[in-house]
Every structure is written in structure tokens, then in C-alpha cells.
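For reference, the structure is listed below as C-alpha cells.
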Amino acid sequence: MIKAFFPLILVVTAIFAACSPSSKQEDTTEQRKIITAGGTVTEVVAALGHGNEIIATDLTSTFPESMKDLPSIGYRNQIKAEGILALGPDLVLLEEGYLNPDVVTQLRAAKVAIEVFVKPSTVEGSKKLISEIATFFDEEEKGKEINSAIDADIAQLKTYLDTQESKPNAVFLMARGPETVFIAGDKTFTTEMFELAKIERAATGFDEFVPMTPESLVSMNPEYLVFFESGIQSVGGKDGLMAIQGIDQTTAFKEGHIIALDGQYLSGFGPRVGKAALDLAKAVRQ
């Protein structure tokens with residue numbers, strides 16, 4: 001009788017083993033391999049809890065800090081399809097217009113999944129991007145939590161500004177060495193960021209970034225000069241600013257009103273946009 005039931009026991013055991021959570025099929029589930037192009041998209045993906053799926057990213061993706069340790073695909077027009085394909089991604093997430101259209105075409109031809117998102121330039125745009133990426137990852141609740149945190153940061157910013165009467169004026173300078181300096185005008189990130197921080201823009205009447213001339217900077221005579229940290233480093237630190245012609249004649253320089261913030265933090269309009277605006281607002285009022 002015992003022998004008669006033995007085969008049945010083996011069958012039942014095999015069925016339970018196949019349904020077990022520790023089955024070989026589940027153990028070999030592979031993690032998705034993502035490449036991101038654009039610091040804001042990278043930051044949002046990480047904030048949603050999927051940073052561990054990113055296998056490579058671009059030079060603008062400096063936050064979280066761990067992104068700097070990943071292989072780099074380069075910067076904008078320098079990025080080639082071959083370099084991306086060599087890394088074997090399952091998915092490429094990129095900011096609209098960041099890659100050369102030919103590169104995008106080549107990636108699609110190679111059957112690489114691509115999702116394109118518009119980089120924000122306003123707080124509402126930031127929240128929209130976060131919601132879109134959250135939906136893509138089926139992380140709607142996390143997306144709502146991040147957007148709620150942005151609302152809280154903006155509320156804190158407004159509370160601070162309600163206690164301030166001054167509205168200083170400032171200019172943002174993008175430096176790539178003392179001989180290559182650009183002034184930010186209209187239709188740049190400063191339009192919204194300076195408005196959030198209640199800063200009057202001394203550089204208006206022209207769009208985008210234009211080469212700085214000593215005469216133009218002196219005529220604007222801003223109370224504060226704002227840089228990316230990388231820009232300050234490109235001229236040899238704050239002590240090297242004297243190499244920029246005309247800067248020593250501005251009120252900002254004479255008063256030591258030089259502000260340097262991380263580029264992605266200040267201009268990325270990602271999950272930290274409210275915090276960046278508050279830091280900028282405080283920096284011009286100390």
C-alpha cells in the first residue's frame with residue numbers, strides 16, 4: 001500500500017515546488033536596464049525609486065551623487081548612438097531636443113524603446129513632468145508625494161518672502177572660462193527662477209544667452225551676480241573673477257555679492273525646484 005501512494009506524493013511535491021516563490025523562474029528575473037539623457041529626467045526617475053535601474057547617463061545628470069559614478073554617454077551633440085547601443089539598454093529616457101535627431105532615429109531603428117519628456121521651465125511644468133514619469137513607471141502615488149513636497153517648499157518660500165521688503169536685482173552669467181562668458185536674458189531658466197525668488201532681472205530685452213561684453217555688464221550694474229558652481233570653477237574660483245573684463249566695475253563685485261549654486265539644482269526644475277528658489281532668495285538678501 002505504501003508503494004502505491006509513493007508516485008502520487010512525488011507528483012504533489014513537484015507541483016508545490018513549481019509554485020514556490022523560490023522557483024528558478026522568479027530567481028532569474030532580470031532588472032530593466034535604463035539609460036537617461038538629461039539631468040532633470042534622471043533626477044525624477046531616481047526620486048521615484050528607480051535610480052538603481054539606470055546603467056548609464058549623461059554629463060548633466062549630477063544628482064543624486066551616485067549618478068556621477070555611472071558610465072557617461074557624453075553631452076548633447078557629442079552623444080553617439082553607437083555609444084548608447086554598446087551598453088545594451090532596454091530603455092532610453094530623454095529630454096526633448098537633448099539628443100541629435102539622427103541619434104534618436106538610429107536608436108529606434110535598433111529597436112531600443114525610447115520615451116521623450118519635455119524639460120520644465122516652470123514649477124507647474126516640473127509637477128507635470130513628475131506626474132508623466134510617475135505614470136510611466138506605475139508610481140502615481142510616489143509622484144503625488146513628490147509634487148506635494150514641491151508645494152510645501154513653495155509655501156515655505158512664500159512665507160519667507162512675505163517677511164522681506166527688498167527686491168534685489170541680479171544677472172546670471174554662464175562662464176566657460178574668463179574669455180567665454182554669456183549673459184542670461186529672457187526665455188531662460190532665470191525668467192521663472194528669479195521671479196520665484198523675487199529678484200529683479202537686470203538683463204532683459206533679449207532672448208536666451210548672449211555673449212557678455214564689458215560695456216553691457218557695466219551698464220546693467222547688477223547688485224548680485226549669479227553663477228553655476230562649474231562656471232566659477234572655470235575661471236579659477238572667485239579669486240579668478242577679475243579676469244572677466246568689466247566685472248570689477250559692478251556693484252555686485254565691489255560688494256562681494258557673488259552667488260554660485262549647482263547648475264542642475266538651480267536650473268533643472270526637478271523635485272528640488274522649490275528648495276533651489278528658496279536658497280537663491282535667501283542668498284540675495286543676506
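Couple of notes before you dig in:
- Within the stretch 201-257, considering residues that are surrounded by 14 or more Cβ atoms within 10 Å (Cβ to Cβ) and in a strand (DSSP E or B), the one nearest to the chain's Cα centre (by Cα): 228
- Contact map, the stretch 53-72: first residue in contact (Cβ under 8 Å) with a residue 40 or more places away in the chain and within 21 Å of residue 269 (Cβ to Cβ), second residue aliphatic (A, V, I, L, M) and in a loop (DSSP other than H, G, I, E, B), Cβ cut-off under 6 Å, separation 6 or more or different chains; pairs are 58/73.
- Single match in 121, 166 (criterion: over 15 Å from the mean Cα position of the chain (by Cα), polar (S, T, N, Q) and under 30 Å from residue 286 (Cβ atoms)): 166
- Total residues in the stretch 139-150, condition farther than 15 Å from residue 279 by Cβ and either among the hydrophobic types (A, V, I, L, M, F, W, C) or without any contact (Cβ under 8 Å) to a residue 40 or more places away in the chain (or both): 8
- Whenever a residue of the stretch 259-286 is under 15 Å from residue 95 (Cβ atoms) and among the small types (Gly, Ala, Ser), its partners that are surrounded by fewer than 22 Cβ atoms within 10 Å (Cβ to Cβ) and modelled with pLDDT of 95 or more, lying with C-beta atoms within less than 6 angstrom and at least six residues away or across chains, give the pairs 263/228; 263/230; 267/189.
- Only a single criterion out of (1) farther than 20 Å from residue 57 by Cβ; (2) within 15 Å of the chain's Cα centre (by Cα) is not satisfied by residue 140, namely (2).
- Residue match in the stretch 122-129 (condition: part of a helix (DSSP H, G or I), out of contact with any Leu (no Cβ under 8 Å at 6 or more places or on another chain), under 26 Å from residue 105 (Cα atoms) and among the hydrophobic types (A, V, I, L, M, F, W, C)): yes
- Of the residues making up the stretch 117-139, those that are open to solvent by less than 10 Å² (accessible area, probe 1.4 Å) and of a type in the set (Val, Ile, Thr) number 2.
- Out of 187, 198, sole residue that is open to solvent by 60 Å² or more (accessible area, probe 1.4 Å) and either over 19 Å from residue 124 (Cβ atoms) or touching a helix residue (DSSP H, G or I) at 6+ places or on another chain (Cβ under 9 Å) (or both): 198
- Subset of the stretch 101-114 (residues that are open to solvent by less than 70 Å² (accessible area, probe 1.4 Å) and touching a residue at least 24 places away in the same chain (Cβ under 8 Å)): 103, 107, 110, 112
The values are calculated or read from the model by the stated rules, or taken from the named source; none is laboratory data. Note that the structure is predicted; figures quoted are calculated from it, not measured. Neighbour counts are summed over all protein chains in view; Cβ atoms, including those assigned to glycine, are modelled from backbone coordinates with ideal geometry. These area figures cover heavy atoms from the full protein model, side chains too; ligands, DNA and RNA do not enter into them. Shrake-Rupley method; radii C 1.70, N 1.55, O 1.52, S 1.80 Å.
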